[in-house]
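The values are calculated or read from the model by the stated rules, or taken from the named source; none is laboratory data. Remember, it's a predicted structure, so these values are computed and weren't measured experimentally. Cβ placement follows ideal geometry from the backbone for every residue including glycine, while neighbour counts extend to all protein chains displayed.
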Amino acid sequence: VADRALAQAGAADEQLRRLRQEPRSQTASSPSGLQSSAGGPELLLGIPWACKDVLCTAGVRTTCGSKMLEQFVPPYSATAVRRLDERGAVMLGKVNMDEFAMGSSTENSALGVTRNPWDLSRVPGGSSGGSAAAVAAGEAVFSLGSDTGGSVRLPAAYCGVVGLKPTYGSVSRYGLIAFASSLDQVGPLARTVEDAALVYEAIAGHDPLDSTSAPRPPEPVLRTLEEGVKGLRLGLSPDYFGEGLDGEVREAVMGAVRRLEREGAQIVEVRIPHLAYALPVYYIIAPSEASSNLARYDGVRYGLRVPGDDIVQQFSKTRREGFGPEVKRRIMLGTYALSAGYYEAFYLKAQKVRTLIRRDFEAAFARVDALITPVAPTVAFRMGEKVEDPLQMYLTDIYTLSVNLAGLPGVSVPCGFSSQGLPIGLQVIGPAFGEPQILRVARAVE
Ligand code: GLN
């Protein structure tokens, strides 16, 4: 990785020399011909960043936090990674995550835990815990993570950095190791909203290599970032402020809302009546898709192979040794929910409720420009506190999951500290492709 970083730094020097000599219009076009947004390509030149180990990096080991892929070296890079490479950003290395992005604390990695830089006895959140911790500790200027149910926004909140989960289809999933394909999105983590916006502009935009990539130009977010909240209608829903929300988190979020109101935003009460079903719906849909996606780890095509007497034994031994307990739990839940006779009762029903949740948001966004909610019910919890109780762990994502179910953009931005000095995050949710307005609101919260 160090060699690669040095080589990239050399390439960045070369690119800088060219930029000084050539007019900007010539250097702005991407060599691969991928459609990429504007936004000053030179701004990322030479900037060191950290990459969640769920994104394929050509020639650099990509483990996904799993024994199954511990020695896997991809032959190609994810589109998001490639777009950063092309702009001369320097990838320092790959960072830790929950195995296959399943978790909320980065304690589920088969390769060791990651700690919260604010308090080493606490978790950094997950599953992009390494991405958030690296930025919070000043080890990287920004990072990429992936968010299936909150995995960029939650660790951003726990580590006091900014994390953006873009609209489904706005950042290519090509080269992102799949967890739940209808929910997964790649997103940036950074110290400021401006940095996150800059990285978002670099990685967003149509990619023919991902069939779910939106065939539209990327949203330009930087140019409206400083416009403030005057005249914006911001929704507040009691559905996000009920039982289980820590008092200090509530106070910090409401304090920020009052500031936004003073700056000229209009606060409107809205309801998301089906929000209470987001968690159960997510835990049918995500494991179902995971069980299907993870069927590819058969001991033949990728990564680990544990030999057996015959192919069936090799298959089961490989999967028994290669997957950790949380991954196995999800595969079993998903296989059950998709099996004959149960599909209608569980998976199909969950899809219908998912539509109701999406409609709730559509109705809300007919009245407001963005919604303000907490990111998580509490601040970062202690390591080991929830490992024995998966349901407690799942509840951590109660405020973030619905955004993925509805395919919407959401950003987590720091809004204060608890009495113990731990960072608290605020979430801004927008309508599909509403990245410009949610980042503008987040910028006003900062
Ligand atoms: N914590 C959630 C889960 O375990 C979300 C993870 C994610 O967004 N990748 O599924």
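Observations, loosely collected:
- Val300 away from the ligand (no atom under 16 Å from the Cβ) and assigned to a loop (DSSP other than H, G, I, E, B): yes
- Pairs linking a residue in region 387-408 that is free of Cβ contacts under 8 Å to residues at least 60 places away in the same chain to a residue that is within 13 Å of the ligand (Cβ to nearest atom), with Cβ atoms under 6 Å and 6 or more positions apart or on different chains, are Gln392/Lys386.
- Hits in region 75-110 - residues which are outside any loop (DSSP other than H, G, I, E, B), β-branched (Val, Ile, Thr) and within 16 Å of the ligand (Cβ to nearest atom): Val95
- Restricting attention to region 215-225, the residues being within 30 Å of Gly46 (Cβ to Cβ), in contact (Cβ under 8 Å) with a residue 12 or more places away in the chain and out of contact with any Lys or Arg (no Cβ under 7 Å at 6 or more places or on another chain) number 6.
- When region 272-290 is filtered for residues that are more than 11 Å from the ligand (Cβ to nearest atom), small (Gly, Ala, Ser) and crowded, with 20+ Cβ neighbours inside 10 Å, the ones remaining, listed by number, are Ala278, Ser288.
- Residues satisfying the stated conditions in region 212-237, i.e. in contact with an Asp or Glu (Cβ under 7 Å, 6 or more places away or on another chain) and loosely packed, with under 14 Cβ neighbours inside 10 Å: Lys230
- Qualifying residue in region 282-293 (condition: over 27 Å from Glu388 (Cα atoms), touching a residue at least 40 places away in the same chain (Cβ under 8 Å) and in contact with a helix residue (DSSP H, G or I) (Cβ under 9 Å, 6 or more places away or on another chain)): no
- Check on Gly145, assigned to a strand (DSSP E or B) and either at pLDDT below 95 or within 11 Å of the ligand (Cβ to nearest atom) (or both): yes
- Residues satisfying the stated conditions in region 334-378, i.e. among the hydrophobic types (A, V, I, L, M, F, W, C), touching a helix residue (DSSP H, G or I) at 6+ places or on another chain (Cβ under 7 Å) and crowded, with 19+ Cβ neighbours inside 10 Å: Ala337, Phe346, Ala350, Ile357, Ala370, Leu371, Ile372, Val375, Ala376
- In this structure, Gly187 qualifies as without any contact (Cβ under 8 Å) to a residue 60 or more places away in the chain and within 24 Å of Leu371 (Cβ to Cβ).
- For region 410-421, the count of residues that are touching a Lys or Arg at 6+ places or on another chain (Cβ under 9 Å), assigned to a loop (DSSP other than H, G, I, E, B) and either surrounded by fewer than 18 Cβ atoms within 10 Å (Cβ to Cβ) or in contact (Cβ under 8 Å) with a residue 60 or more places away in the chain (or both) is zero.
Okay, residues lined up against (1) surrounded by fewer than 24 Cβ atoms within 10 Å (Cβ to Cβ); (2) touching a strand residue (DSSP E or B) at 6+ places or on another chain (Cβ under 8 Å):
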{"site": "Ser146", "(1), (2)": "no, yes"}
{"site": "Gly149", "(1), (2)": "no, no"}
{"site": "Arg153", "(1), (2)": "no, yes"}
{"site": "Tyr158", "(1), (2)": "no, yes"}
{"site": "Leu164", "(1), (2)": "no, yes"}
{"site": "Gly169", "(1), (2)": "yes, no"}
{"site": "Tyr174", "(1), (2)": "yes, no"}
{"site": "Ala178", "(1), (2)": "yes, no"}
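- Top-ranked residue in region 111-126 [being under 19 Å from Leu422 (Cα atoms) and either surrounded by 24 or more Cβ atoms within 10 Å (Cβ to Cβ) or β-branched (Val, Ile, Thr) (or both); ranked as nearest to the ligand (Cβ to nearest atom)]: Gly126
Each row is one residue, and each column tells you yes or no for (1) closer than 30 Å to Glu385 by Cβ; (2) surrounded by fewer than 23 Cβ atoms within 10 Å (Cβ to Cβ).
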| residue | (1), (2) |
| --- | --- |
| Ala58 | no, yes |
| Cys64 | yes, no |
| Leu69 | yes, no |
| Ala78 | no, no |
| Arg87 | no, no |
| Lys94 | yes, yes |
| Met97 | yes, no |
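- Residue in region 194-205 that is under 30 Å from Lys67 (Cα atoms) and either more than 16 Å from the ligand (Cβ to nearest atom) or touching a strand residue (DSSP E or B) at 6+ places or on another chain (Cβ under 6 Å) (or both) present: yes
- Pairs, first of a type in the set (Asp, Glu) in region 118-147, second assigned to a helix (DSSP H, G or I), C-beta under 9 Å, six or more apart: Glu139/Ala133; Asp147/Ala101; Asp147/Arg153; Asp147/Leu154; Asp147/Val403; Asp147/Asn404
- In region 61-82 there is no residue that is among the aromatic types (Phe, Trp, Tyr), modelled with pLDDT of 95 or more and within 18 Å of the chain's Cα centre (by Cα).
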